[in-house]
Amino acid sequence: MVNAAADEGKKGKNIVSQMLHGDCRLQMEYMVPKGSNSGIYFLGRYEVQTLDSYTKPDDKVQHGDNGGHYE
C-alpha cells in the first residue's frame, strides 16, 4: 500500500485494512521524511510509531519514538 498524497507534499490520508484478524505479525519497510510523525494502528486502538527519530541518541529513545508502541 502506498500513501501517494504524502509524496506530493499534501497531507496524507489513513490507510485502513478491511480484513478482520486476530493475532498477526507485521513486517514492513518504510521511509519517513525528516520531521515526520505518523503511525500504524491495529484494531483502531494500538499504534506502532513511524516517527523520524533517526538522529536521536540511543540513551534518549523512548516508547513513543520510531518503532515504539502504546495504547
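Rule-based calculations on the coordinates, nothing more; no lab input. Keep in mind it's a predicted model, so treat the numbers as computed, not measured. Heads up, the Cβs are rebuilt from the backbone with ideal geometry, glycines too, and the neighbour counts pull from every protein chain shown.
Table for the structure above
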quantity	calculated
Gain on full stretching of the segment that runs from V48 to Q18 - 0.36 nm per residue minus C-alpha separation	9.0 nm
Low-density loop positions, trypsin sites (Lys or Arg not before Pro), region 27-71 - DSSP coil, at most 10 other Cβ in 10 Å	K34, R45
Amide proton proximity set for L51, modelled H, under 5 Å, gap of 5+	S38, N66, G67
Full-extension gain in nm, Y41 to V61, via 0.36 nm per residue minus C-alpha separation	5.1 nm
